[in-house]
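*Asks:* This structure is in structure tokens; I'll ask about it shortly.
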Amino acid sequence: MTSALFTPITLGEFTIPNRIAVAPMCMYSADDGSATDWHIQHWMTLGISGAGMVTFEATGVERRGRISHGCLGLYSDANEAAMARALATARRVAAPGAVFGVQLGHAGRKASTQLPWLGGGPLTPEQDAWQTVGPSAIPFAPGWHTPTALDEAGIETIVEAFVAAARGAERAGLDFVELHGAHGYLLHEFLSPISNRRTDRWGGSLENRMRLIVTVAKAVRAALPERMFVGARLSAAEWVERDNFNVEEAVEVAKALKAAGVVYICAST
């Protein structure tokens, strides 16, 4: 019997040759958001692996949206050009039919951190720290930066940044984008009542807490050509007993994202 793992699957307008997908993995090796020669060899390795679907690492839609100084970004012409160069090299060695995409995200209150091998904690002023943002002015952990709570204009700026980055991904030659709504970063911070204590239309009920990720999904879908598909990553459980984003809520968010044009969910925790 043939394993389903090695059978094609259709996402959007693409028929992907198998169901092996490389999930995004932060490499912390970029230069002010730009992919380097290191990324060229890394992406070539992923392309030649035989996986049908490759998603490049979490990529900040704003400079302040990166996790660290070493994270990829799509907020400048230089970022876009470097991504296009590395992607073109990876495609030349990739298995036939492989598709390439990028995970677009914003680190929110978990931004401005040290590289993992330097401790991974919050940057100090001497390390070129920057002001973080979030749904509410609640630090991620004791001793971390206190984020600025986004106002309406700030939220609009975030949505526009996701759209601009998605268009950059299109110009760079990618096949799809994945919206990072997991792991305690900005879109997840709005979903979670642990980090979102707002009382306006962006907080409180699940309908309000999911408003940002659904708004971003609709805006990104509308900005991209039909040939590109859109996915999303969700942390489907937070492992606290109450006042949390849980599996039942994740299912409702997934339904809303599907209605917004998202074709797959990468479920994390």
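The values are calculated or read from the model by the stated rules, or taken from the named source; none is laboratory data. Just so it is clear, the model here is predicted, and its values are computed rather than measured. Cβ atoms come from the backbone with ideal geometry, glycine included; neighbour counts cover every protein chain shown. Each accessible area value is taken on the protein alone, full model and side chains, heavy atoms only, with ligands, DNA and RNA left out. Shrake-Rupley method; radii C 1.70, N 1.55, O 1.52, S 1.80 Å.
*Asks:* May I ask you to verify whether Val230 is in contact (Cβ under 8 Å) with a residue 12 or more places away in the chain, out of contact with any His (no Cβ under 8 Å at 6 or more places or on another chain) and within 23 Å of Glu160 (Cβ to Cβ)?
*Replies:* yes
*Asks:* Same structure, new question: Quick one: count up the residues across region 123-149 that are touching a strand residue (DSSP E or B) at 6+ places or on another chain (Cβ under 9 Å), under 20 Å from Leu72 (Cβ atoms) and not hydroxyl-bearing (Ser, Thr, Tyr).
*Replies:* 3
*Asks:* Turning to a different aspect of this structure: Does region 34-44 include one or more residues that are more than 23 Å from Phe229 (Cβ to Cβ) and part of a strand (DSSP E or B)?
*Replies:* Looking through region 34-44, at least one residue is more than 23 Å from Phe229 (Cβ to Cβ) and part of a strand (DSSP E or B).
*Asks:* Suppose we keep only residues that are open to solvent by 30 Å² or more (accessible area, probe 1.4 Å) and out of contact with any strand residue (DSSP E or B) (no Cβ under 9 Å at 6 or more places or on another chain) within region 160-176. Which one would you say is nearest to Ala81 (Cα to Cα)?
*Replies:* Arg171
*Asks:* On to the next question. What do you reckon, is Val177 at pLDDT 95 or above, of a type in the set (A, V, I, L, M) and not in a helix (DSSP H, G or I)?
*Replies:* Considered against the rule, which asks whether it is at pLDDT 95 or above, of a type in the set (A, V, I, L, M) and not in a helix (DSSP H, G or I), Val177 comes out as yes.
*Asks:* Let me confirm something: among Val263, Val240, Val247, Val251, which residue is touching a residue at least 60 places away in the same chain (Cβ under 8 Å) and either open to solvent by 40 Å² or more (accessible area, probe 1.4 Å) or more than 21 Å from Thr15 (Cα to Cα) (or both)?
*Replies:* Val263
*Asks:* Let me ask something else about it. For region 144-152, does any single residue satisfy the condition of being assigned to a helix (DSSP H, G or I) and touching a Leu at 6+ places or on another chain (Cβ under 6 Å)?
*Replies:* Among the residues of region 144-152, not one is assigned to a helix (DSSP H, G or I) and touching a Leu at 6+ places or on another chain (Cβ under 6 Å), which makes the answer no.
*Asks:* What is the number of the single condition among (1) surrounded by 14 or more Cβ atoms within 10 Å (Cβ to Cβ); (2) closer than 21 Å to Ala164 by Cβ that Gly70 does not meet?
*Replies:* Answer for Gly70: the failing condition is (2).
*Asks:* Name every residue in region 37-65 that is farther than 21 Å from Ala107 by Cα, open to solvent by 10 Å² or more (accessible area, probe 1.4 Å) and in contact (Cβ under 8 Å) with a residue 40 or more places away in the chain, in order of residue number.
*Replies:* Ile40, Met44, Leu46, Ile48, Ser49, Gly50, Met53
*Asks:* Can you say whether Thr157 is surrounded by fewer than 19 Cβ atoms within 10 Å (Cβ to Cβ), out of contact with any Asp or Glu (no Cβ under 6 Å at 6 or more places or on another chain), of a type in the set (Ser, Thr, Tyr) and not in a loop (DSSP other than H, G, I, E, B), as far as the supplied structure shows?
*Replies:* yes
*Asks:* Out of Ala95, Ala88, which single residue is open to solvent by 20 Å² or more (accessible area, probe 1.4 Å), modelled with pLDDT under 95 and over 26 Å from Leu191 (Cα atoms)?
*Replies:* Matching residue, one of Ala95, Ala88: Ala95.
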